[in-house]
């Protein structure tokens, strides 16, 4: 691998730009195939580019045989994102655990005493209103949103944005009773029953979690499960 | 801003080693058959001191891969390595899960 390639892959990852690195196994000649262009010494014909696009669509790396020999197509798709609304105690456990799981993590809370860099040293912290923060980050199909504030003033605007987005996971902390009240409020705000049904609430897998760190594990386990099932369904449909 | 993930990121570490003037190789899982512990695309970076970050198996074949990586750093030639139950060497290095993997090793130029 050329050092330039290594840097280009890092840049694409930061920019959340999908890319395939094609490598001829016989000699290591390589090319980077982006959605709109190709760069590198390995000559890429239509067949390689088409195979690279397919690999990106399924999110799977693969080896293809072309005239010059075997070529490995290594896909790099944007990392999953986790947006946590509420810079509370559970968030302090959730954020570093999610980073370790290679999520790109953002914590949003307009309350300055909560949303401090000192409490969240290694992740992006936005002191915004939750709906503004979510819109600033941009909620796409690779994004999970979890609300933790317990405060309808903060949770509800975030949920309204998340439920109208393509987010693959929406979770909201709160008891069954809290969740029933939340349903009344959000339906009054124009959220449909089908949209509301996307919320995982009470949030997390039922593993008897009690401490903030345990609750973080249960939430992340559920996010991983939902993401994996969705990927399986997409691959089965392809 | 460094995150926990950064310290686990293989390419990131490979870049840091190169920036520090070290020889570096990358090993990548290219094909798997049967039950194998790490999926296609999994990476291991190795520096010229034999330090490694990442993985291409559950620890079963890394030792053998590091040896080939050091050779790739010194001669600059890529290598395609096969490990599996049908291979004598696999028994030696112990891919105990019974799967087979093919690993591509290349120098970071």
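Quick notes on this structure:
- Cα gyration tensor shape for the stretch A:81-233, rounded if a/c is under 1.5, else prolate or oblate: rounded
- Of every Cα-Cα pair in the stretch A:3-76, the percent that sits beyond 17 Å: 35 percent
- Counting only alpha carbon atoms, the long axis of helix A:3-14 and the longest principal axis of chain A meet at about 30°.
- Helix axis angle, A:152-163 relative to chain A longest principal axis, alpha carbon, degrees: 30 degrees
- In degrees, nearest ten, helix A:212-237 long axis to first principal axis of chain A (Cα): 50 degrees
- The stretch B:26-83 - Debye-derived log10 I(q)/I(0), Cα point model, q = 0.15, 0.23, 0.28, 0.29 Å⁻¹: -0.39, -0.90, -1.28, -1.35
- Sequence of A:6, B:80 once ranked by neighbouring C-beta atoms within 10 Å, starting from the fewest: B:80, A:6
- Extension gain (nm, one decimal) between residue A:227 and residue A:177, 0.36 nm per residue minus Cα-Cα: 15.3 nm
- Shape analysis of the stretch A:166-238 based on the Cα gyration tensor places the equivalent ellipsoid semi-axes at 23, 20, 7 Å, largest first.
- Cβ-derived FRET efficiency at R0 35 Å, residue A:16 paired with residue A:192, nearest 0.05: 0.75
- P(r) tail fraction, the protein assembly as shown - alpha-carbon pairs more than 26 Å apart, %: 56 percent
- For chain A, the relative contact order is 14 percent, taking Cα pairs closer than 8 Å that sit 6 or more residues apart in sequence and dividing their mean separation by the residue count.
- Relative contact order (percent, whole number), the stretch A:3-76, Cα cutoff 8 Å, 6+ residue spacing: 32 percent
- In chain A, the DSSP-assigned H stretches of four residues or longer account for a calculated mean residue ellipticity at 222 nm of -13000 deg cm²/dmol, using -39500 (n - 2.57) per stretch and the full residue count as denominator.
- Between the stretch B:34-81 and the stretch A:114-172, the alpha-carbon centres lie 39 Å apart.
Bear in mind that the values in this text are calculations on the coordinates, not laboratory data. Remember, it's a predicted structure, so these values are computed and weren't measured experimentally. Because the Cβ atoms are built from the backbone with ideal geometry, glycine has one as well, and the counts that use them run over all protein chains shown.
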